[in-house]
Amino acid sequence: MQPFVLYNSEQRKKVEFVPRKAGHIDMYVCGMTVYDYCHIGHARVMVAFDYIIRFLRSQGWEVKYVRNITDIDDKIIKRANENGETIQALTDRFIQAMNEDAHRLGCLAPDEAPRATEYIDQMQNMIGKLVDNGSAYPATNGDVYFQVEQFNKYGRLSGRKLDDMQAGASDRVDVEVDKKHPFDFVLWKHAKENEPFWNSPWGKGRPGWHIECSAMSTCCLGNHFDIHGGGSDLLFPHHENEIAQSEAATGEQYVNYWMHVGFINVDGEKMSKSLGNFFTIRDVMEKFHPEVIRYFIVSSHYRSPVNFSDVALKEAKTALTRFYHAFKAYQQQFNEELTDHFSQIHLERFNAAMCDDFNTAEAMAVLFELAKELNRALKEENAEQAKVFYSTLRHLTNILGLVQHNVDDFLRSDIGQEALGLSESEIEELIQQRVDAKKAKDFTKADSIRQNLLNQGVVLEDTRQGTLWRRAD
């Protein structure tokens with residue numbers, strides 16, 4: 001297994017990864033709160049950790065990937081009441097939608113996807129330990145709070161100090177009179193009237209958001225594991241609070257490495273419903289092929305902020321289409337013939353880029369060089385080189401989860417485009433008329449048919465296997 005470095009948010013620098021168990025990586029990623037369809041910010045987290053895990057496995061690492069599901073939360077309760085449906089009906093529906101979106105984006109399923117409601121006993125057990133050792137306290141309002149002043153390393157992930165922070169600095173921080181300190185956070189919430197609840201030593205209630213992840217991650221991966229990831233918006237207070245409550249409960253270091261995926265801005269502004277620039281994955285997939293969205297995410301470094309726009313996605317489509325054209329040109333000549341030989345220089349450069357904190361921007365540059373070399377070899381009719389470049393490019397795009405669709409299906413996809421005025425049978429009929437015209441040496445008619453089809457968004461390509469068609473870019 002090739003060593004790699006990653007940016008550890010806690011150390012604020014890139015460091016070499018050292019596994020707790022040789023050849024094995026345990027990774028937990030904060031998943032979605034399932035009260036609505038997933039948005040493009042969720043898509044970035046899904047895709048980023050998907051290609052990271054694909055790459056690590058391609059290098060021989062055994063990776064156990066856990067991504068949780070929050071299926072009990074204030075927003076879930078509110079939405080279920082608004083819809084007049086049960087919480088389970090709501091969450092089951094949006095879990096299914098989330099899995100469908102992830103699948104269409106080309107993401108592999110996590111090894112485990114624990115649901116918060118399945119771990120209530122474990123959460124209560126952890127809270128009990130915190131109360132018993134003085135790290136948490138029941139309040140008069142029925143809630144149980146973690147006492148941040150009892151954890152002297154609080155703030156080490158975010159770099160914040162309690163003395164410097166003001167209550168209300170984050171919308172995740174509640175200011176309650178029953179708290180001993182404004183940044184004490186809730187572990188167990190007493191049930192209000194007509195809210196779902198579980199019985200507990202502190203009365204009827206439900207878990208706080210932060211304790212859910214601590215319980216699920218440690219139950220699935222142990223008290224101490226390798227990598228914890230999520231979106232940058234979770235670094236504080238969610239991940240900071242996870243560290244505090246987990247280490248206070250177990251007495252062990254919680255996580256060795258913290259990874260955070262950068263924000264997505266929309267046309268230069270932070271995505272929010274109030275600004276009217278909030279897009280679900282499904283909104284975007286109505287206008288762009290799912291793999292175009294994946295390419296857009298893969299082509300930028302996972303930590304960097306990216307600007308989401310129609311222009312950026314159109315550029316992503318153009319770039320991705322270049323790979324499909326290269327694959328199509330090869331397949332027309334050699335079908336899907338592969339070789340066991342790879343271009344070592346390209347393979348090594350790709351691996352070097354990915355081993356440097358998963359630098360997909362640099363890795364993509366290697367893929368474009370490969371596509372250029374493949375096209376050159378095809379033009380020069382150098383079969384041996386063409387097979388090597390194609391096999392290498394196929395291998396590396398597979399690692400990133402790209403070029404996973406049938407070439408013709410992708411190039412003919414009508415997602416986000418106006419419907420063609422012609423059916424496939426009508427297009428094929430016109431192609432045959434053009435073939436007949438060329439046989440009769442009526443090149444004026446043949447050119448007219450080609451131009452007529454082009455005017456209607458259909459591009460013809462004459463190959464050794466006959467005339468093929470695709471939608472215009």
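The values are calculated or read from the model by the stated rules, or taken from the named source; none is laboratory data. None of the values given here were measured: they were computed from a predicted structure. Ideal geometry is used to build each Cβ from the backbone, glycine not excepted, and the neighbour counts take in all protein chains shown. Heavy atoms of the whole protein, side chains included, go into the accessibility calculation; ligands, DNA and RNA do not. Shrake-Rupley method; radii C 1.70, N 1.55, O 1.52, S 1.80 Å.
Ordered by solvent-accessible area of protein heavy atoms (1.4 Å probe), largest first, the residues K328, K192 come out as K192, K328.
The lysines within cross-link reach of K153, meaning a Cα-to-Cα straight distance under 16 Å and a gap of 8 or more places when in the same chain, are K161. Between the range 439-453 and the range 1-67, the C-alpha centres lie 54 angstrom from each other. Rounded to the nearest 5, the antiparallel percentage of DSSP beta bridges internal to the chain is 50%.
Among E315, E240, the sequence by solvent-accessible area, most first, with a 1.4 Å probe is E315, E240. Rounded, prolate or oblate: which fits the range 240-340, taking a ≥ b ≥ c as square roots of the Cα gyration tensor eigenvalues, rounded meaning a/c under 1.5, else prolate when a/b beats b/c? Oblate, since a/c reaches 1.5 and b/c is not below a/b. Against the chain, whose longest principal axis comes from its Cα atoms, helix 360-379 is set at around 10 degrees. Surface listing: M1, M98 arranged by accessible area from highest to lowest gives M1, M98, probe 1.4 Å. Each stretch of four or more DSSP H residues adds -39500 (n - 2.57); spread over every residue of the chain, this sum gives -14000 deg cm²/dmol at 222 nm. Annotation: amide H-H contacts under 5 Å for V458 (H modelled 1.01 Å from N, sequence separation of 5 or more, or interchain): A472. For the chain, a/c is not less than 1.5, where a ≥ b ≥ c are the root eigenvalues of the C-alpha gyration tensor, and a/b tops b/c. That puts it in the prolate class.
Pairwise Cα distances in the range 279-395 exceed 19 Å in 52 percent of cases. Looking at the range 104-153, the trypsin sites (Lys or Arg not before Pro) that sit in a DSSP loop and have at most 13 other Cβ atoms within 10 Å of their own Cβ are K153.
The lysines whose alpha-carbon is closer than 29 Å to the alpha-carbon of K78, local same-chain residues fewer than 8 away aside, are K179, K180, K189, K192, K204, K270, K273. Coupling constants for the range 23-39 follow from the phi torsions by the Karplus curve (6.51 cos²θ - 1.76 cosθ + 1.60, θ = phi - 60°), and in residue order they are x, 10, 10, 9, 9, 10, 10, 5, x, 9, 8, 8, 10, 7, 5, 5, 9 Hz; glycine and proline get x. Restriction of the GluC sites (Glu not before Pro) in the range 351-440 to DSSP coil positions whose beta-carbon has at most 13 other beta-carbons within 10 angstrom yields E380, E381, E418.
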